[in-house]
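These notes are about the structure you will find just below.
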Amino acid sequence: HHDEAWMYDEAFLRWWYARLTRCRFNRVEYVLGFDTAYLSPPYPWFIGVPGFETLRVVGLSDAQRAANLQGLRRMGQLAHDYGLEFVLAAWQQKAWTRGQGVLVENLPQDDDALLAYTGHAVTAFLESCPEIDVFQLRVNHEAGVAGADGITTNERYWRRIIDAVAASGHPVELELRAKGLSDALIHYAQAKGVALTVPTKYWCEHFPIPYHISRLRTEELARVDNLNHSRRYSYADMLRKPRSFDLLYRLWNYGTSMLF
């Protein structure tokens, strides 16, 4: 309910977008499901998926869900009015359970069933909100899905989502964040014809320093085979040539108090 105060406030959105453009920003990114059960996964907050009618957000009516989708679309439309690229990031596909309640009922816990739902949901979501220019995913274990060891990337899961993005009638650019991202997953997305960009953390979580990290830290070098560590910060090993994707440096400083 706190989001409703600004999400449906067109005067605020116009003020915010105008401020961004005056400050020479060219894109706005909304992160959904950042280490919280809220909007994890984001899709049932905005759409229903045929065949999964019992999968719902607790206490959210059909009318409220439709209003959420309309509000999200209006956010994208206004962003475009101000020349801003509209980026939506779905950071968690399943809520972490550490001290968190579950806000989505009947979300499959079985991998096959969860894959089936998420695949259909991603395609339907992108088609329902054509204002989305870029769809961003973090593909490491922090998304709530991981390999059998609980740490490594669940390649099968992310390949299914890439398939869902490719199947959408609304073409979007796909951003797969570098942390945990394998070369095999990059090649898979490109083989599907998806426009791919890899975002990374320019400065770690540090207070801004006047340069990006030019070598892996000791912590990453100690676990260089674990892509959750070795591809976590700066450009890691992602600038090897030939390179067939764009690398996007993201300022990641724990919020505006650090940036400004």
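Just one of (1) surrounded by fewer than 21 Cβ atoms within 10 Å (Cβ to Cβ); (2) part of a loop (DSSP other than H, G, I, E, B) fails for residue 127. It is (2).
For region 46-68, the set of residues classified as polar (S, T, N, Q) and either loosely packed, with under 11 Cβ neighbours inside 10 Å or on the phi > 0 side of the Ramachandran plot (or both) consists of 54, 61, listed by residue number. All told, residue 123 meets the bar of being under 22 Å from residue 46 (Cβ atoms), of a type outside the set (Phe, Trp, Tyr) and in contact with a Ser or Thr (Cβ under 6 Å, 6 or more places away or on another chain).
Pairs, please: C-beta under 7 Å, at least 6 apart or cross-chain, first residue within 27 Å of residue 110 (Cβ to Cβ) and in region 72-96, second assigned to a loop (DSSP other than H, G, I, E, B) and acidic (Asp, Glu)? Short answer, once both residue conditions are applied: 96/35. Candidates are the residues of region 188-207 that are out of contact with any helix residue (DSSP H, G or I) (no Cβ under 7 Å at 6 or more places or on another chain) and of a type in the set (D, E, K, R); the one that is most open to solvent (accessible area, probe 1.4 Å) is 205. Summed over region 89-100, the residues that are open to solvent by less than 20 Å² (accessible area, probe 1.4 Å) and either over 25 Å from residue 119 (Cβ atoms) or touching a Pro at 6+ places or on another chain (Cβ under 8 Å) (or both) give a count of 3. The residue that is most open to solvent (accessible area, probe 1.4 Å), counting only those in region 17-35 that are more than 24 Å from residue 93 (Cβ to Cβ) and in contact (Cβ under 8 Å) with a residue 12 or more places away in the chain, is 26. Only residues that are farther than 15 Å from residue 31 by Cβ and either of a type in the set (D, E, K, R) or part of a helix (DSSP H, G or I) (or both) were counted across region 134-151, and they come to 2.
For region 130-187, a residue qualifies if it is buried (at least 17 other Cβ atoms within 10 Å of the Cβ) and polar (S, T, N, Q), and the qualifying residues are 136, 140, 153, 154, 168.
The values are calculated or read from the model by the stated rules, or taken from the named source; none is laboratory data. Small disclaimer: the values here were computed from a predicted structure and weren't measured. Note that each Cβ is placed from the backbone with ideal geometry, even for glycine, and that neighbours are counted across all protein chains shown. Accessible surface is based on the protein model in full, side chains and every heavy atom, while ligands, DNA and RNA are left aside. Shrake-Rupley method; radii C 1.70, N 1.55, O 1.52, S 1.80 Å.
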